[in-house]
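In what follows, a structure is listed as structure tokens, so that the remarks can point back to it.
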Amino acid sequence: MKMPLVSVIVPNYNHEKYLVQRLDSVFNQTYSNIEVILMDDCSTDNSIKILSKYSENPKVSHCIFNEINSGNTFVQWNKGILLAKGEYIWIAETDDFCDLVFLETLLEPLINDSNLVLAYCQSNRVNEDNLVTGNWVDFTDDLDTELLKGNPFIEGDFFIEKGLIYKNIIPNASAVLFKRNRAIEIGCLDINPSFKYVGDWIFYFNIIINNKIIFIEDSLNNFR
């Protein structure tokens, strides 16, 4: 079976403290058919030095340093999606990190069911010292305790009705893998640029409506 290319978008701003850990968790994935798009939004710390070093990795297809801060992480997301060549996209935010089987685990159901447009997993809550302080189960249990049990395949409209319409129950973009062609189909992140904090929530509405998703109960992502 041909293994699809995954585009990993790494949008950074002043995360020097966590950047090496993030990048190592990307480049050391057990699933290796990836291209990595490194992006920096005019950081004032030593991020550019770190990113420049990692840009020498042959899996890096783009390394972009903004000269002016965009003021909105979703502008960076959109730029990365439009540059991506992979069939699937992972936005690996730079203050997070993940298990090395993250991509392998989330990609498997997407490959096996062409009707799935998005997969995401449970996230650990992690503090600045890398200590796991819990997970995000309690964030969703007040809505429907059965909605996300047993690694379910979920109709997108049902997922919206039972959870997403009330709050963003996909709390961390780093835990998500989605189809690039579906993102392009909906106009990527062509939303009001004033939505600096809910752009991901709007994006999930648009990408999953009339489609299927899957939730993986394993905590393979670490959300700081």
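The values are calculated or read from the model by the stated rules, or taken from the named source; none is laboratory data. These numbers come from a predicted model, not from an experiment. Because the Cβ atoms are built from the backbone with ideal geometry, glycine has one as well, and the counts that use them run over all protein chains shown. The protein model used for the area step is the full one, side chains on, heavy atoms only, and it has no ligands, DNA or RNA in it. Shrake-Rupley method; radii C 1.70, N 1.55, O 1.52, S 1.80 Å.
Structure data summary
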quantity: Selected residue (criterion: farthest from His15 (Cα to Cα)) from residues of region 91-145 that are in contact with a strand residue (DSSP E or B) (Cβ under 6 Å, 6 or more places away or on another chain), surrounded by fewer than 19 Cβ atoms within 10 Å (Cβ to Cβ) and of a type in the set (D, E, K, R); calculated: Asp99
quantity: Scope region 146-158; condition outside any helix (DSSP H, G or I) and surrounded by 13 or more Cβ atoms within 10 Å (Cβ to Cβ); matching residues; calculated: Leu147, Leu148, Asn151, Pro152, Phe153, Ile154, Glu155
quantity: Tally of residues being out of contact with any Lys or Arg (no Cβ under 9 Å at 6 or more places or on another chain) and not aliphatic (A, V, I, L, M) across region 1-32; calculated: 13
quantity: Looking only at region 2-16, and only at residues there that are out of contact with any Asp or Glu (no Cβ under 8 Å at 6 or more places or on another chain) and over 16 Å from Asn66 (Cα atoms), the one that is surrounded by the fewest Cβ atoms within 10 Å (Cβ to Cβ); calculated: Lys2
quantity: Every residue from region 75-90 that is of a type outside the set (Ser, Thr, Tyr), buried (at least 16 other Cβ atoms within 10 Å of the Cβ) and either touching a Phe, Trp or Tyr at 6+ places or on another chain (Cβ under 7 Å) or within 13 Å of Ile34 (Cβ to Cβ) (or both); calculated: Ala84, Gly86, Glu87, Ile89, Trp90
quantity: Count of residues meeting criterion [open to solvent by 30 Å² or more (accessible area, probe 1.4 Å), touching a strand residue (DSSP E or B) at 6+ places or on another chain (Cβ under 7 Å) and free of Cβ contacts under 8 Å to residues at least 60 places away in the same chain] in region 64-74; calculated: 2
quantity: From Ser61, Ser43, residue being assigned to a strand (DSSP E or B) and open to solvent by 10 Å² or more (accessible area, probe 1.4 Å); calculated: Ser61
